[in-house]
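Q: Quick one: the structure is below, questions incoming.
Each reported figure results from applying straightforward, stated rules to the coordinates on display, with no laboratory input. Because the structure is a prediction, the values reported are computed rather than measured. As a convention, Cβ positions derive from the backbone with ideal geometry for all residues, glycine included, and neighbour counts pool all protein chains shown.
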Amino acid sequence: MFSFFKKKPKADTAFPPETTSDSLAHPSVSSITSTLPLSMTAVPQVETDSPQKKSWIARLKTGLSKTSSNLSLLFVGAKIGDALYEELESALLMADTGVEATQFLLDALRTKVKEEKLTEAEQVKNALKTLLTALLTPLQKPLELGRHQPLVSMIAGVNGAGKTTTIGKLAKHLQAHNQSVLLAAGDTFRAAAREQLAIWGERNNVTVISQESGDPAAVAFDAVQSAKARKIDVVMVDTAGRLPTQLHLMEELKKIKRVIGKDMASAPHEILLVIDGNNGQNALAQVKAFDDALGLTGLIVTKLDGSAKGGVIAAIARTRPIPIYFIGVGEQIEDLQPFIAQEFVDALLD
């Protein structure tokens with residue numbers, strides 16, 4: 001399913017499921033899969049003409065159809081001039097591209113049209129696709145596996161962004177790439193969050209470390225300790241959903257990061273923010289706030305279906321270019337896929 005993980009080699013390791021110790025208060029325990037040798041090369045990308053790939057691209061196009069329709073119609077029979085640029089500016093702003101990214105793209109487009117002496121509307125549209133792809137390509141980055149054991153990831157996001165569901169999907173895909181996984185339920189004060197993560201743990205046959213009304217940092221610490229003892233490949237720490245304005249909760253996130261770092265000097269190795277693709281410029285504000293507080297290493301953009309406009313990715317690329325590891329267009333496992341700039345732009349401007 002995934003085509004965009006990179007792996008570093010390591011020794012072949014196998015281990016039996018281990019009963020969780022009393023110090024890991026109230027874990028929901030399932031067996032842990034054995035670890036298989038990692039390939040030294042990146043996982044091959046799914047062929048573009050495969051049924052799976054075609055299905056994914058079709059879902060992505062459907063999710064971005066509102067913005068795609070608005071942009072594409074501008075170029076039908078259009079004359080190149082100020083009127084076209086003004087309409088394009090409005091369409092980009094309506095697509096949540098933001099003022100800075102919109103102005104950047106329009107300035108570059110005007111220059112390209114002039115330098116290349118473009119005279120047809122379709123040529124201008126293709127020029128915009130080229131510029132947008134160039135803007136987004138630096139965000140396209142594989143999530144590299146196997147560089148630490150365990151590879152510790154903190155997963156953050158506001159309530160409703162799809163954070164816990166995304167963790168479950170990632171766990172399943174990681175297992176498909178021979179990675180053993182352990183989950184830490186860092187949202188200790190919300191029973192529903194712990195239960196949701198426990199369901200994903202049972203579904204994926206992995207251990208979930210949790211506590212009721214405990215210290216989230218202590219849960220993260222216990223999870224990393226358990227993973228080290230069992231030679232688990234990946235630990236994902238779910239954190240309580242919070243708004244960036246909830247300063248006491250943001251401080252809690254910083255504490256989790258500090259505690260993990262004290263136990264394992266280079267950890268957390270990934271600090272990922274899950275953002276809702278429907279949130280537009282609010283999503284960009286979240287990226288800035290969480291990055292300032294934690295130093296984000298990557299983003300996952302969910303819910304690029306239905307009413308999603310998609311332009312916020314361009315806004316992120318221009319103002320806070322943090323890698324986007326994955327994008328999601330639905331609820332199924334296969335609806336979470338690596339972000340590939342060219343595919344995204346094609347879906348937006350075909």
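Q: What list of ³J(HN,Hα) values in whole Hz, one per residue of the stretch 101-118 in order, does the Karplus curve 6.51 cos²θ - 1.76 cosθ + 1.60 (θ = phi - 60°) give from phi, with Gly and Pro shown as x?
A: 5, 4, 5, 4, 5, 5, 4, 5, 5, 4, 5, 5, 4, 5, 5, 8, 6, 6
Q: Just to verify a number: FRET efficiency for R110 and T137, C-beta to C-beta distance, R0 = 30 Å, to 0.05?
A: Computed FRET efficiency for R110 and T137 comes out at 0.90.
Q: Under 5 Å between amide H atoms, partner at least 5 residues away or on a different chain: which partners does I209 have, H built in plane at 1.01 Å?
A: Answer set, sorted by chain and number: L183, A184, A185.
Q: Right, here's the next one. How high is the FRET efficiency between A176 and E122 when r is their beta carbon distance and R₀ equals 25 Å, given to the nearest 0.05?
A: On the way: r = 41 Å, r/R0 = 1.63.
Approximately 0.05, to the nearest 0.05.
Q: Pull up all non-local amide H partners of E144: gap of 5 or more, or a different chain, and H-to-H distance under 5 Å with H placed in the peptide plane.
A: HN-HN under 5 Å from E144: K6.
Q: For K114, go through the aspartates and glutamates and keep the ones whose alpha-carbon is under 20 Å away, minus same-chain ones fewer than eight residues off.
A: Partners within reach: D82, E86, E87, E89, E122.
Q: Another question about this same structure. In what sequence do I324, I167, I199 fall when counting other Cβ within 10 Å, fewest first?
A: Ascending number of Cβ neighbours within 10 Å: I199, I324, I167.
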